[in-house]
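Data block below; observations after.
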DNA sequence: AAGAATGTTAGGCATATACCTAAGTAACTC
DNA sequence: GAGTTACTTAGGTATATGCCTAACATTCTT
């Protein structure tokens, strides 16, 4: 039973997939500074707007950003908790591995003492 | 000039792309427990071995794992530092966003004081 | 040496991704 | 109300991804 704290496999798929593109990472970097319109976000990129919009949609489908359209402008902002969920997935295995290395370190140290 | 500590864009592309698949995340989870052969890693999956091997190669190309073939067995292990690099990319923007929120919180608080 | 175990290569198929241009639609601005 | 702005939809192309089967190579076991 997946919930907001432990994303299901599809959420991780979409989240990491969304981060696997420089344009989309750029958007995230920009939104970390504060909300922005689609046009603002698109400005730095030499890309047709429909192509850019697709990136915005991928980010939104992944839950990494949210958007609202007001008048003719669509405003976008970061959903940091989803970013945090991805972060935590990675950190969990990093931690497991480091714990293993620590334990290995201890074993080697102990053996060293007895030599 | 990209280096091992600050992965270039392609490294991030490949890294996050590699994590965007449940099978590959499963491999990472398994390798966090310790090294394993390709056959060991493949065992839980209902997938033809060549298909599975491709996942192993994607992980290796992303630098998330390393492998060595000894006799007829290819042994795989986790490269935690690459995992850490991805972790840190995310954590950086999460932090930027949270700092912003903190500042916003302070502003709201300050305004509250003067009301 | 024969057979089993462990990959690996080659080739093919279906779907997804990343881009494009052209042609809308809706909301401001004058 | 005519033009401009800010998206949006539709449709198309090229490449990448994830899977498969069949066949091959190498190494270990007996």
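Listed here are the residues, each with its yes/no results for (1) away from DNA strand D (no atom under 12 Å from the Cβ); (2) more than 22 Å from residue A:72 (Cα to Cα); (3) touching a residue at least 12 places away in the same chain (Cβ under 8 Å).
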{"residue": "A:13", "(1), (2), (3)": "no, yes, no"}
{"residue": "A:19", "(1), (2), (3)": "yes, yes, yes"}
{"residue": "A:22", "(1), (2), (3)": "yes, yes, no"}
{"residue": "A:26", "(1), (2), (3)": "yes, yes, yes"}
{"residue": "A:31", "(1), (2), (3)": "yes, no, yes"}
{"residue": "A:36", "(1), (2), (3)": "no, no, yes"}
{"residue": "A:42", "(1), (2), (3)": "no, no, no"}
{"residue": "A:48", "(1), (2), (3)": "no, no, no"}
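Restricting attention to the range A:60-79, the residues that are under 16 Å from residue A:7 (Cβ atoms) and near DNA strand D (Cβ under 9 Å from one of its atoms) total 0. Summed over the range A:45-78, residues that are touching a strand residue (DSSP E or B) at 6+ places or on another chain (Cβ under 9 Å) and surrounded by 18 or more Cβ atoms within 10 Å (Cβ to Cβ) total 6.
Where helices (runs of 4 or more DSSP H) sit wholly within the range B:1-93, those with at least 1 residues that are closer than 19 Å to residue A:91 by Cβ occupy B:9-19, B:22-31, B:49-61. Summed over the range A:92-105, the residues that are crowded, with 17+ Cβ neighbours inside 10 Å and modelled with pLDDT of 75 or more give a count of 2. Among the residues of the range A:31-43, is there at least one that is within 10 Å of chain B (Cβ to nearest Cβ), more than 8 Å from DNA strand C (Cβ to nearest atom), under 22 Å from residue B:9 (Cα atoms) and out of contact with any helix residue (DSSP H, G or I) (no Cβ under 6 Å at 6 or more places or on another chain)? Yes: the range A:31-43 contains one or more residues that are within 10 Å of chain B (Cβ to nearest Cβ), more than 8 Å from DNA strand C (Cβ to nearest atom), under 22 Å from residue B:9 (Cα atoms) and out of contact with any helix residue (DSSP H, G or I) (no Cβ under 6 Å at 6 or more places or on another chain).
The values are calculated or read from the model by the stated rules, or taken from the named source; none is laboratory data. Nothing here was measured: the structure is a model prediction, and the numbers come from that model. Neighbour counts run over all protein chains shown; Cβ positions are idealised from the backbone, glycine included.
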